[in-house]
Structures are given as structure tokens and as C-alpha cells.
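The values are calculated or read from the model by the stated rules, or taken from the named source; none is laboratory data. The structure presented is a predicted model; accordingly, all values stated were derived computationally and were not measured. All Cβ positions, glycine included, derive from the backbone under ideal geometry; neighbour counts span all protein chains shown. With ligands, DNA and RNA removed, areas are computed over all heavy atoms of the protein, side chains included. Shrake-Rupley method; radii C 1.70, N 1.55, O 1.52, S 1.80 Å.
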Amino acid sequence: MVEESAKDLSALLRLPPGEPVALAGYDARATPGAPGGKRAGLADSARMGKRLARLQERLWAAGTAGDPRRVLLVLQGMDTSGKGGTVKHVIGHLNPSGCRIQAFKAPTEEERRHDFLWRVRRALPGPGEIGIFDRSHYEDVLIARVRHLVRPAEIGSRYGLINDFERSLAEDGVTVIKCFLHVSYDEQRRRLLRRLDRPDKHWKFDPGDIDERTLWPAYQEAYELALERCAAPYAPWHLVPADRKWYRNWAISRLLLEHLLALDPHYPKADFDVAECRERLLQG
């Protein structure tokens, strides 16, 4: 049942390449394609977790035998949209040995000495791995644009460089799954207030988040430009409504499952005589 229905969500959430994006027109509390309400979504997520784990093992095993294919899940969104929560609830089903998780922060001094894609290339998954970017190279056309960290002309050139980079990934056997976690302005306030109300969440709160909220319109515009200019058949954007955490986690699980099913990795055949090895063990 999961295999059949998982074919449709990517098309449902995919943004049309090259078309203008108006984020205000998307309901952040929507649940497109969901199997029902929260209870049904949580149950379906649990079932998918087992399928994801088995498919990941097949991908990892195929990679050890020379299959160059791998998966890169890119998570972008405003603060509190749930990038870290997605990693915890979705990737938590997978074997850490076959995953490579990278949370991109402000670039270090060494990283600033190189082009903006240098640190991204170093964090890419290897054959058979599933890579997860919590933020990504898109920060260099988002916060860099909003905060005027580089010249406008350089920002403009980066969209094309990102497209070329992602095309090269696809040609090299990387399945790129880009997800924009769409959280509303009001929901972000509620989540920030909950962090203040809980002492065990104070470590996640930064007073600077309040200042960032004043730049909400600028960030929305920056995201709209990135979603429009960096969407292609080989690396499309998926807009995932993120006000409902259960739906966000369910949708990312479904998208990941759909792409792994499309890859259909297989366990490699033994490169040794199985019968002979069995006989040797039995004789021992």
C-alpha cells in the first residue's frame, strides 16, 4: 500500500520549475496527500520507517559493491520550521553508518577563503550513503541576500552556479531531494514562545531570532527567488507545509521513500563460493 501511494507525493508538492513563487499563496497548515489526520499520519510514518531502513541498507550494500548512486536530502526553511526535528524523527529510522548529516552554520575563516560551494562539496554523501543537509548552499543566496553580506551582482551569479552544481551532482549519480519547510509567521511566534516557556528549551533560543523576525518579508522574497531560479527537473523543489509537525515528518518520510523506491537498489551478489564456505563452516 505504501509503495503504490508513495508515487504521488513528489508530484503533489513539487514546485513547477521556472515559475514565479508566491509563498503567501501556500497554506502552511495544509496536509496535501496525507492519509488522514494526525493519528493516521503517525501510524503511516511508523510503517514507513521500517521500509526506509530496509531500502537504506540495500543502497548502502550496493554502494560497497561499486554502485555510485546516493541520495542528498536538502532541508531549508525559516527558524523553527523543523529542520532539526525532521532529522530526528525521519532520519532516526536509518542506520547512522549509511548517513552523513551536515548542519551548516556561519562559514569559518577557512571556508571564507574558498568559493561558497567548497564546504558543500566536502560534505557530500559517498556512494551508497544518504546525506542530509540541515541548511545548505542556499544560505548563500538567502541570508547573504537579506543581510547584504555580498554584492547583489555576486548573489545573482550564484543562482546559476548552484544550478550547475546540482546538475553535476545528478550526472554523478546523486538523487537530490530539496525540501522547503514552509512555516507561517504566527506559528513561528508560537514555537519561539514555547522555547521561552520551557527551561529545557532555552538552549535552543537565541534573542537574535526576534530581530530576524523583523526581516520576515525580506526572507520570504529571498526564498521565493531561490525556489524559482533554482528549480530544475534534475533537482526540483518540494514545498512542505510545516505548521503541523506530524505532517512535515510524514511528508519528508514519504518523499524519501518514493525516491528510494525509484532507485530500487539491490543487494550485491556474493563474490565468493557460498556453498563452499557453508561446507567449510559445517566441517569446522
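For Arg51, the criteria (1) open to solvent by 40 Å² or more (accessible area, probe 1.4 Å); (2) assigned to a loop (DSSP other than H, G, I, E, B); (3) touching a helix residue (DSSP H, G or I) at 6+ places or on another chain (Cβ under 8 Å) hold in every case but one, which is (2).
Kindly indicate whether Gln56 is over 23 Å from Lys201 (Cβ atoms), part of a helix (DSSP H, G or I) and touching a strand residue (DSSP E or B) at 6+ places or on another chain (Cβ under 7 Å). For Gln56, the condition - over 23 Å from Lys201 (Cβ atoms), part of a helix (DSSP H, G or I) and touching a strand residue (DSSP E or B) at 6+ places or on another chain (Cβ under 7 Å) - is met.
Restricting to segment 143-164, give me the number of residues that are in contact with a helix residue (DSSP H, G or I) (Cβ under 7 Å, 6 or more places away or on another chain) and either crowded, with 21+ Cβ neighbours inside 10 Å or part of a helix (DSSP H, G or I) (or both). So the answer is 7. Residue-level analysis places Ala62 among those that are buried (at least 16 other Cβ atoms within 10 Å of the Cβ) and either in a loop (DSSP other than H, G, I, E, B) or in contact (Cβ under 8 Å) with a residue 24 or more places away in the chain (or both). Could you please give the count of residues in segment 8-31 that are within 15 Å of Ala235 (Cβ to Cβ) and of a type in the set (Gly, Ala, Ser)? Total meeting the criteria: 2. Among the criteria (1) loosely packed, with under 13 Cβ neighbours inside 10 Å; (2) under 16 Å from Leu169 (Cβ atoms); (3) of a type outside the set (A, V, I, L, M, F, W, C), the one Gln102 does not fulfil is (1). Of all residues in segment 196-245, those satisfying the criterion of being under 13 Å from His182 (Cα atoms), out of contact with any strand residue (DSSP E or B) (no Cβ under 6 Å at 6 or more places or on another chain) and not charged (D, E, K, R) are Trp216, Tyr219, Gln220, Tyr223. Quick one: is Thr80 part of a loop (DSSP other than H, G, I, E, B), of a type in the set (Val, Ile, Thr) and buried (at least 17 other Cβ atoms within 10 Å of the Cβ)? Yes. No other residue among Cys230, Cys179 is under 30 Å from Asp8 (Cβ atoms) and touching a His at 6+ places or on another chain (Cβ under 8 Å) apart from Cys179.
Scanning segment 165-191 for residues that are among the hydroxyl-bearing types (Ser, Thr, Tyr) and assigned to a loop (DSSP other than H, G, I, E, B) yields a count of 1. Taking every residue in segment 12-33 that is of a type in the set (Lys, Arg) and pairing it with any residue that is assigned to a loop (DSSP other than H, G, I, E, B) and open to solvent by less than 90 Å² (accessible area, probe 1.4 Å), at least 6 positions away or on another chain, the pairs with Cβ-Cβ distances below 9 Å are Arg14/Ala231; Arg14/Pro236; Arg29/Ser184; Arg29/Asp243; Arg29/Arg244.
Against the definition (of a type in the set (Val, Ile, Thr), surrounded by 16 or more Cβ atoms within 10 Å (Cβ to Cβ) and under 18 Å from Leu94 (Cβ atoms)), how does Val71 come out, yes or no? Break it down stepwise before answering.
Numbers: of a type in the set (Val, Ile, Thr): yes; surrounded by 16 or more Cβ atoms within 10 Å (Cβ to Cβ): yes; under 18 Å from Leu94 (Cβ atoms): yes.
In short, yes.
Among the residues making up segment 233-253, those that are open to solvent by 10 Å² or more (accessible area, probe 1.4 Å) and over 20 Å from Ala24 (Cβ atoms) are Pro233, Tyr234, Pro236, Lys245, Trp246, Asn249. The helices (runs of 4 or more DSSP H) located wholly in segment 192-274 that include 3 or more residues which are at pLDDT below 95 occupy 208-213.
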